[in-house]
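Worksheet: the structure to be examined is printed underneath.
The values are calculated or read from the model by the stated rules, or taken from the named source; none is laboratory data. Here the structure is a predicted model, which means the values were calculated and not measured. So basically every Cβ, Gly included, is an ideal-geometry build from the backbone, and we count neighbours across all protein chains shown.
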């Protein structure tokens, strides 16, 4: 990382001055587009003027994106080419994983471990730069407890900080750290140990030794060794390396303007041509978003909600997802590249949210009418409590509002007949129930056509009897659910969300029993989806949105 910063600094004339120079870097990210604001983070910039008056070259910025932070760090690195002292002050949202911590850019949206390097400034790089001025480097880090949404693999806040030798690190609340930094010029003549002692309420780690002052008293300076003669530099090679790193239209055009017949002019021209290719340009724009897998899943869910099938909601953009994005782009008057831009992602999300609200309103109206008809029929049949009425209700509404109550009341009649039934009749019925197949109930009816459990057996036969077409449809629905490859955890979440919607799926154990199938059928029926009792991509997409 430091090699890359040095290369960019050299290529664009950011190298440090010839004499000793104190340098400061101040970043205060308070206002975040997709996270809670960090209280007093931009107070860090209040330290800029006192440090400038003390002779520091100060690079500063507030509410910076990751690219802006990287650029400012490169400039600061150029400022530290010669001996001097360094003050680096960082305030904002931090996230960590393992031994690495990142200051998150103000434009980050739910960064995860896979893409955090494109969303934040690595603290290890900052400390490595500070370590080049061992014994004269102070790194101050300001935080607070504001919330930021992070993706998989990241944890909010500072992680363990591996402080290099000779670097002093001070951490604490953003406002307190900013105030301490602002007071540094007033502490001339104090050593690192004195500064550590004065940092009341803050945490100090790393270098505290030595008797020399961190900032010398007035009139004292930094002893400077004669600067060696600079080695010859291949300006064009350095410029091209920096151009390749930045890889923007402006960078390539700047190279060609400076070196129209340079060694890399053909490469620069080819790169510009690719940038003129709409698909290549769109691909680069999508890559710049640094989409996490969860964010890609959300895009696929949004496409499903607007009735465009991405061929899976797995967070992987294969041909199905690319074709779906291209179809959405065509429908919305965009160039159909199959690669999504930040603006298109926002528009798609808004369309999906609006469609989800429309679908839910339609589902609520449909369910209200279904429930009204259900209650009317219950009042006409099962409410009286007689066996014929209960069976009539269950025949029309096997998954109805009163289905469980009707089954419970019918069990009373069954228990009565069980007590009265002959032993052989009862044993045959118990066997049929235990096997719970169409054939077992048909066998019971054949053996006991006037048995005590004929009504129950006939009901089961009616429920289980399907036409060949219905059986094909059931197997197709079963295969579609199996193709989703849902883990037991996801199946449990589905049951929890069905329960949250009041659909009584049974225990959230990841095992889809008849209660779960009934709950899925109820959900599908109320939302105008194909009523199968099995999950498919469309049902899962709707269920996830309805339950969030």
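Could you list, in sequence order, the residues of the stretch 6-31 that are modelled with pLDDT under 85 and either in a loop (DSSP other than H, G, I, E, B) or touching a strand residue (DSSP E or B) at 6+ places or on another chain (Cβ under 8 Å) (or both)? Hits for the stretch 6-31 are 12, 13, 14, 15, 16, 17, 18, 19, 20. Select from the stretch 377-387 the residues that are assigned to a helix (DSSP H, G or I) and closer than 14 Å to residue 403 by Cα and write down the one among them that is farthest from the chain's Cα centre (by Cα). Applying the filter and picking the extreme gives 387. Restricting attention to the stretch 18-50, the residues that are buried (at least 21 other Cβ atoms within 10 Å of the Cβ) and farther than 19 Å from residue 172 by Cβ total 4.
Of the residues that sit in the stretch 464-480 and are in contact with a helix residue (DSSP H, G or I) (Cβ under 9 Å, 6 or more places away or on another chain) and under 15 Å from residue 517 (Cα atoms), which one is modelled with the highest pLDDT? Among those that are in contact with a helix residue (DSSP H, G or I) (Cβ under 9 Å, 6 or more places away or on another chain) and under 15 Å from residue 517 (Cα atoms), it is 480. Pairs are defined by a Cβ separation below 7 Å, a sequence spacing of at least 6 or placement on different chains, a first member in the stretch 272-288 that is modelled with pLDDT of 80 or more, and a second member that is part of a helix (DSSP H, G or I); no pair meets this definition. One residue alone among 300, 344, 329 is within 21 Å of residue 543 (Cα to Cα) and buried (at least 17 other Cβ atoms within 10 Å of the Cβ), and that residue is 300. Within the stretch 516-530, being buried (at least 16 other Cβ atoms within 10 Å of the Cβ) and either more than 23 Å from residue 308 (Cβ to Cβ) or over 29 Å from the mean Cα position of the chain (by Cα) (or both) holds for 516, 517, 518, 519, 520, 521, 522, 525, 526.
The number of residues in the stretch 71-88 that are out of contact with any strand residue (DSSP E or B) (no Cβ under 8 Å at 6 or more places or on another chain) and in a loop (DSSP other than H, G, I, E, B) comes to 3. If I filter the stretch 383-406 for residues that are at positive phi and surrounded by fewer than 18 Cβ atoms within 10 Å (Cβ to Cβ), do I get at least one hit? Yes: the stretch 383-406 contains one or more residues that are at positive phi and surrounded by fewer than 18 Cβ atoms within 10 Å (Cβ to Cβ).
Looking across the stretch 319-352 at every residue that is part of a helix (DSSP H, G or I) and in contact (Cβ under 8 Å) with a residue 40 or more places away in the chain, the one that is farthest from residue 523 (Cα to Cα) is identified as 342. Here residue 146 meets the list (1) part of a loop (DSSP other than H, G, I, E, B); (2) surrounded by fewer than 16 Cβ atoms within 10 Å (Cβ to Cβ) almost entirely, failing just condition (2). Condition check for residue 294 on (1) in a helix (DSSP H, G or I); (2) surrounded by 15 or more Cβ atoms within 10 Å (Cβ to Cβ); (3) in contact (Cβ under 8 Å) with a residue 60 or more places away in the chain: one failure, at (2). Is there a residue being assigned to a loop (DSSP other than H, G, I, E, B), at pLDDT 85 or above and surrounded by 19 or more Cβ atoms within 10 Å (Cβ to Cβ) anywhere in the stretch 57-70? So far as the stretch 57-70 goes, yes, one or more of its residues are assigned to a loop (DSSP other than H, G, I, E, B), at pLDDT 85 or above and surrounded by 19 or more Cβ atoms within 10 Å (Cβ to Cβ).
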